[in-house]
Structure formats: C-alpha cells, structure tokens
Amino acid sequence: MPRRPRQDLIAPFTLYHIVSRGNNQRRIFRAERDYSKFLSLLCQTKKLYPFYLYSFSLLPNHYHLALETKESSISKIMHQINSSYAKYFRHRYKGSGHLFEGRFYSSVIDKDSYLWELGCYIDLNPVRAGLVKKPEDYKWSSYLVYFQGKEKDGLLDWQKFLQYLNNDLNKARIAYLNFVRDKLQDEKGPKFKITSKFI
C-alpha cells in the first residue's frame, strides 16, 4: 500500500512537537561525540532554514524537539537534520540502511496554551526514561540551559521561550524551573520551590 504523502503546507510561526526514533528502536547516539554532532547539525540547519528552537531532549534511541517554523516548511527542516545526521552516523560506524524509523512524528501545538507544557514534557524525558534523577543532571537536553540561565552557541531560543509568559527574564526562568519541578514532584512526592538564591 503506498504511503500517504505528508501534508507540508508552509505555515510560518507554527509550533511543532517533533519526535524521531531509531529504526527498530536502535540507538542513534552511541557516544558523546554523536550527541555533540547532532546539536552542531541543528545549528547548521537553523542557519540554512531559520526556525525557533525552544526545547530539545536527545535520548539514546530517539529525540524530541519543540520547534517553531519561520518561513521554511517543517519537512524541509527535518529532512536536512535527519539526512545530515544519518550520513554522519553511517560514515562513522560504517553502516548502511535506514537510521531512523520512517518519517519523523510531528504534532502541531497550540503555542498560547501549551508552550510551557511541551517544554516541560521534553525536559523531563531523561528523568522518566531513568537516565537521571534530576533534569539538570542530563547533559543533552534544554533544561540545563534554563537551569543555568545561559547558553554559548545560540542554538536554543530560551529567552523568547521564557518571555512568552513574562518579560522579566529572571522571574520567568524561576517560574519555569518551578513549573518543571512541580510536574516531577507530582509523581514523586512533596513539592519544593526554587528561589533565586538557589540558581
């Protein structure tokens, strides 16, 4: 049965939750160098086909992105990301065949209502996967940028993400950290609040 074509209307300023998985649940990141290379390719793609990136989480056999388009279509952006990384991966590990499991998953998200919900979901993935106990302990997700309040490579549009709720960047950052912690604590036990003296 032929595959149904993906609808790919160019819809500027549309927020997507993107998930891409390894074929047959195989690892797509085997070493720290692979994670770093993927983030580098994200930066390169962002220069070719500009977009906003609010959250990411790279797990051993899949990754999540919260990505808002500008002028380029989501399919063009994702083709560039996945094809570039697959080429790198095959060259490094001398493999062949498909690295990713078919087409990427994409879901359009209501930015006005669920931007922080999506960011929180993505940032907590490493904890829920059992890779770390606290989201700030995971090196390959966006939460560390929000936790530290700084970034060096310009990949993550973290200030735009925070200021979507509050123009006071420090207050918004603390609010988001507490938002994530509260979601996690709902599953684990008593809540506690983050204040500026802790970060």
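The values are calculated or read from the model by the stated rules, or taken from the named source; none is laboratory data. None of these values were measured; they are calculated from a predicted model. Glycine also receives a Cβ, built like all others from the backbone with ideal geometry; neighbour counts cover every protein chain displayed.
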Kindly indicate the residue of the stretch 33-47 that is in contact with a Lys or Arg (Cβ under 9 Å, 6 or more places away or on another chain) and without any contact (Cβ under 8 Å) to a residue 60 or more places away in the chain and also farthest from residue 69 (Cα to Cα) among those meeting that condition. 33
What's the number of the condition residue 4 fails, among (1) under 18 Å from residue 102 (Cα atoms); (2) modelled with pLDDT of 95 or more; (3) among the charged types (D, E, K, R)? (2)
Select from the stretch 19-32 the residues that are farther than 17 Å from residue 128 by Cβ and out of contact with any helix residue (DSSP H, G or I) (no Cβ under 8 Å at 6 or more places or on another chain) and write down the one among them that is surrounded by the most Cβ atoms within 10 Å (Cβ to Cβ). 22
Could you look through the stretch 137-182, keep only residues that are in a loop (DSSP other than H, G, I, E, B), hydroxyl-bearing (Ser, Thr, Tyr) and at pLDDT 90 or above, and pick out the one that is surrounded by the most Cβ atoms within 10 Å (Cβ to Cβ)? 142
Could you check the stretch 87-112 and list, in sequence order, the residues that are under 21 Å from residue 46 (Cβ atoms) and either assigned to a helix (DSSP H, G or I) or among the β-branched types (Val, Ile, Thr) (or both)? 87, 88, 89, 108, 109, 111
Subset of the stretch 27-75 (residues that are in contact with an Asp or Glu (Cβ under 8 Å, 6 or more places away or on another chain), under 17 Å from residue 100 (Cα atoms) and part of a strand (DSSP E or B)): 57
Scanning the stretch 147-160 residue by residue, those in contact with a strand residue (DSSP E or B) (Cβ under 9 Å, 6 or more places away or on another chain) and within 20 Å of residue 38 (Cβ to Cβ) turn out to be 155, 156, 157, 158
If we keep only residues of the stretch 39-58 that are under 8 Å from the mean Cα position of the chain (by Cα) and within 19 Å of residue 73 (Cβ to Cβ), then the residue surrounded by the fewest Cβ atoms within 10 Å (Cβ to Cβ) is 53
Among what's in the stretch 118-136 and is more than 13 Å from the chain's Cα centre (by Cα) and within 14 Å of residue 183 (Cα to Cα), pick the residue that is surrounded by the most Cβ atoms within 10 Å (Cβ to Cβ). 135
Which numbered condition residue 84 misses (of (1) outside any loop (DSSP other than H, G, I, E, B); (2) under 15 Å from the mean Cα position of the chain (by Cα)): (2)
